[in-house]
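A quick write-up on the structure given underneath.
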Amino acid sequence: MKVLVLGGDGYLGWPTAMKLSKAGHQVMAVDNYLRRRLCREESVEPLWEVPELRARARIWRELSGREVEVRIGDLTDWNFVANIFQSFKPDALVHYAEQPAAPYSMLNRAAASLTLNNNLNVTLNMIYAVRQFAPSCHIVKLGTMGEYGTPNIDIEEGWIEIEHKGRKDRFLFPRQAGSLYHTTKIMDTDLLWLYVRTWGLRVTDLMQGPVYGLETDETQGNEELYPFLNYDEIFGTVLNRFVVQAVAGYPLTVYGAGGQTRGFLNIKDTLNCIQLSLETPAAQGELRVFNQFTETFNVNELAERVVKVGRQLGMDVVVKSVANPRKEVERHYYNPAHTGLLSLGLKPNFLTDEVLARLMQIVLRYRNRIDPQKFLQNVKWT
Ligand SMILES: NC(=O)c1ccc[n+]([C@@H]2O[C@H](COP(=O)([O-])OP(=O)(O)OC[C@H]3O[C@@H](n4cnc5c(N)ncnc54)[C@H](O)[C@@H]3O)[C@@H](O)[C@H]2O)c1
């Protein structure tokens, strides 16, 4: 297949490009380095410098003999998007190209506006380009489990049947986000659903939980092919952040009571889910939704796991509860369904002590680059 990876420079985008290229697909990766720019502007650069996209594509070509085409440009720019679709004519695309950090979206008005405009306009341009230039292209879109929030009922896989006053209908499962970023993801889903109904697009919307890890089958120990690792409070996801804090001898910063529960997955499983979704596509005119995670943990449980493995590696790891900068429920019911991807054949890579130890050992090599000032950024929701 010809697969476009939108956001191909990102934490998930580059590993996905390598994975699909190795699987024999023809891949084009597109990015405008927005993520790199925002990290620079907020002084929260990742733990190591990552080569730019063209350099990574060159390293990958030398290692694998396979080509990943690269285009640098802004996907909110219609002419750029139209040009890409006309020349590449994708059979499928993976849409990662958004501002993905909840804390960034809550920073101030300008950051909120950037997040809203960027995320919705990329999605809208992509929808129009598919309709105009590649109507049977399968859109695989990254959503987030955060779209559902933490309701006091079981979370279904995308859809729910409601019986009301003796009549029944099927609806998107109710959504209730905890940040502006998550709200843009809900709006994306609404846009996609509108155009699936109206224009018969074929879409898989993946409600993904927080991802951890660095190594994938394609990196083969080549550190230049690792994705970037943010460990700050704005762009770093929780487990990656705890690992770097542990290595730095900095307390693991648990927000509030630490009972916040989420569905997590290894970066290897993100790639497997994407590949399974692409190779078993949604039907034309279908919005297919999968909940993309493999196991649930609350924040205290994650911290305990990092303490245990860190101590086994001789580190002095402690946990500290800090005032929660977010507005969120700190103890709650959480029971989301996640059978769709398993039934497509996903074989989960669970968070074992070995997996955690391996991640810590990689971070240890960069220990002298950790800047503890970056851990707490004081981004408050209220
Ligand atoms: N990483 C996670 O834990 C996680 C969890 C759930 C959902 N997601 C979703 O997965 C997707 C990828 O996440 P990630 O962690 O790889 O984020 P990321 O920021 O590393 O990757 C997104 C990439 O898209 C690019 N981009 C953004 N706007 C663009 C534009 N207008 N034009 C061109 N390129 C643009 C960025 O420069 C960046 O390289 C996001 O949509 C995110 O919301 C991620």
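Mind listing whichever residues of the stretch 8-22 are open to solvent by 10 Å² or more (accessible area, probe 1.4 Å) and either under 13 Å from the mean Cα position of the chain (by Cα) or closer than 14 Å to Asp269 by Cβ (or both)? Result: Gly10, Tyr11, Leu12, Lys19. Restricted to the stretch 42-159, the set of strands (runs of 3 or more DSSP E) holding at least 1 residues that are surrounded by 19 or more Cβ atoms within 10 Å (Cβ to Cβ) and among the small types (Gly, Ala, Ser) comprises 92-95, 138-144. The single residue among Tyr104, Tyr128, Tyr148 that is of a type in the set (Phe, Trp, Tyr) and touching a Lys or Arg at 6+ places or on another chain (Cβ under 8 Å) turns out to be Tyr148.
Residues in the stretch 182-233 that are among the acidic types (Asp, Glu) and in a loop (DSSP other than H, G, I, E, B) were compared, and the one that is farthest from the ligand (Cβ to nearest atom) is Asp217.
The values are calculated or read from the model by the stated rules, or taken from the named source; none is laboratory data. Computed from a predicted structure; not experimentally measured. Cβ sites come from the backbone with ideal geometry, for glycine too, and all protein chains shown count toward neighbours. These area figures cover heavy atoms from the full protein model, side chains too; ligands, DNA and RNA do not enter into them. Shrake-Rupley method; radii C 1.70, N 1.55, O 1.52, S 1.80 Å.
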